[in-house]
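A short worksheet on the structure shown next.
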Ligand SMILES: *Cc1c(COP(=O)(O)O)cnc(C)c1O
């Protein structure tokens with residue numbers, strides 16, 4: 001790859017190796033669990049690591065390798081490890097960085113599945129976490145770091161609040177303490193942000209969202225930078241350790257899903273540009289509606305997170321945000337039950353527009369005090385804007401807000 005090619009060129013061409021068998025232009029789906037050894041010595045050499053050929057799909061597969069190379073390049077990392085889901089990517093990342101007795105400092109505003117891992121599952125293995133409300137508050141971040149803190153975790157565009165963190169500040173504080181920074185870049189994708197360029201050491205994704213983009217495949221990816229903190233983590237180098245753990249714990253990405261992911265990434269910039277522009281239009285329209293109390297979209301001029309969004313996000317602020325209706329849960333229920341074009345779903349980053357009531361679904365396990373502190377109220381609605389015509393999306397919201405059924 002020429003180093004000067006643009007994002008849209010790279011999303012199509014990066015990572016694609018010529019197919020030596022039949023000259024296929026697209027990396028095919030290699031639905032084969034194992035790979036033949038020519039002879040006794042080749043089998044031995046592959047297991048010893050002296051021959052780079054494939055052995056068994058849980059350890060590697062050509063379709064998976066192609067998508068890993070593409071994502072490593074797009075994220076400006078050195079190595080990517082594709083796994084079966086975003087949750088698997090987070091689990092393997094934390095297990096590669098942490099030992100029993102270690103501690104994580106996390107932003108408070110994170111995906112609820114990740115909060116569950118850190119708060120409910122890892123403590124059983126002696127790994128604990130503390131959450132800071134604003135990781136860009138240097139004093140608060142410093143105060144949360146302990147002698148046994150081994151990772152700092154944030155998300156580029158947290159949902160539902162869009163409270164974009166100050167990535168460079170977090171990295172500066174973390175590195176001053178010798179701690180790697182892990183960033184979940186799912187909602188921004190490398191089209192809007194490449195956290196490694198701002199000091200992140202490790203980037204994780206739910207590839208089930210915008211990267212695959214069509215709501216048809218679950219997948220995840222871990223990208224390692226060549227920073228000293230990623231290289232030193234756990235002594236062996238983060239990427240090597242994470243790949244070995246993925247092979248042992250076994251959350252293998254299906255080669256079929258790797259192919260769907262590869263196809264999704266080829267149009268990432270087109271979809272992100274369209275969906276982010278659509279999200280801005282929908283957010284601006286909602287802001288002007290009398291039924292709406294507030295809109296949490298970092299791309300709006302009125303957002304308190306606009307300045308950080310402008311610093312860290314390119315070409316728009318993504319397509320996932322929340323807004324709050326004045327009428328509380330009854331108003332939210334009315335709107336959600338009346339839409340006909342928006343899909344009622346807990347998913348994000350699909351070509352279809354999606355709508356959800358966080359308080360009664362993704363955030364239902366939080367205490368009333370937490371919901372209050374997190375800003376997830378009874379009238380809050382989360383949107384993931386798809387590629388449909390904005391006029392149709394607005395017309396559907398309009399009829400649903402007005403309570404008409406004749407749309
Ligand atoms: C969906 C999501 C995950 C989990 O990913 P899965 O692919 O569903 O396992 C993690 N982080 C963020 C920000 C997500 O949106």
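Kindly provide the set of residues from region 315-326 that are more than 11 Å from residue 276 (Cα to Cα) and not in a strand (DSSP E or B), ordered by number.
Filtering region 315-326 for residues more than 11 Å from residue 276 (Cα to Cα) gives 322-326.
Within region 315-326, 326 is the sole residue that qualifies.
Of all residues in region 69-91, which are away from the ligand (no atom under 12 Å from the Cβ), within 16 Å of residue 245 (Cβ to Cβ) and buried (at least 22 other Cβ atoms within 10 Å of the Cβ)?
From region 69-91, those away from the ligand (no atom under 12 Å from the Cβ) are 69-81; that's our starting set.
Checking which are within 16 Å of residue 245 (Cβ to Cβ) leaves us with 79-81.
The answer is 80, 81.
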Subject >> The one condition in (1) surrounded by 19 or more Cβ atoms within 10 Å (Cβ to Cβ); (2) free of Cβ contacts under 8 Å to residues at least 40 places away in the same chain that residue 318 fails to fulfil >> reply: (2)
**OP:** Taking residue 373 as meeting all but one of (1) touching a helix residue (DSSP H, G or I) at 6+ places or on another chain (Cβ under 8 Å); (2) in a helix (DSSP H, G or I); (3) closer than 20 Å to residue 108 by Cα; (4) touching a residue at least 60 places away in the same chain (Cβ under 8 Å), write down the number of the exception.
**Re:** (1)
Subject >> Sole residue being farther than 23 Å from residue 381 by Cα and without any contact (Cβ under 8 Å) to a residue 60 or more places away in the chain, chosen from 270, 280, 260, 300 >> reply: 260
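In the list 94, 122, which residue meets the criterion of being crowded, with 19+ Cβ neighbours inside 10 Å, under 23 Å from the mean Cα position of the chain (by Cα) and within 14 Å of the ligand (Cβ to nearest atom)?
Working: 122 fails: within 14 Å of the ligand (Cβ to nearest atom).
Being crowded, with 19+ Cβ neighbours inside 10 Å, under 23 Å from the mean Cα position of the chain (by Cα) and within 14 Å of the ligand (Cβ to nearest atom) holds for just one of 94, 122, which is 94.
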Original post:
Can you tell which of 308, 286, 270 is in a helix (DSSP H, G or I) and in contact with a strand residue (DSSP E or B) (Cβ under 6 Å, 6 or more places away or on another chain)?
Top reply: 286
Subject >> Subset tally (residues that are near the ligand (Cβ under 10 Å from one of its atoms) and either in a loop (DSSP other than H, G, I, E, B) or at pLDDT below 95 (or both)) for region 196-210 >> reply: 4
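Out of curiosity, is residue 162 within 16 Å of the ligand (Cβ to nearest atom) and either in contact (Cβ under 8 Å) with a residue 24 or more places away in the chain or more than 15 Å from residue 184 (Cα to Cα) (or both)? Steps first, answer last, please.
Working: within 16 Å of the ligand (Cβ to nearest atom): yes; either in contact (Cβ under 8 Å) with a residue 24 or more places away in the chain or more than 15 Å from residue 184 (Cα to Cα) (or both): yes.
Answer is yes for this residue.
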**OP:** Considering every residue within region 128-149, establish whether at least one is surrounded by 14 or more Cβ atoms within 10 Å (Cβ to Cβ), within 13 Å of the ligand (Cβ to nearest atom) and in contact (Cβ under 8 Å) with a residue 40 or more places away in the chain.
**Re:** no
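The values are calculated or read from the model by the stated rules, or taken from the named source; none is laboratory data. Remember, predicted model here, so these are calculated numbers, not experimental data. Counting neighbours? That spans all protein chains shown, and the Cβs are built from the backbone with ideal geometry, glycine included.
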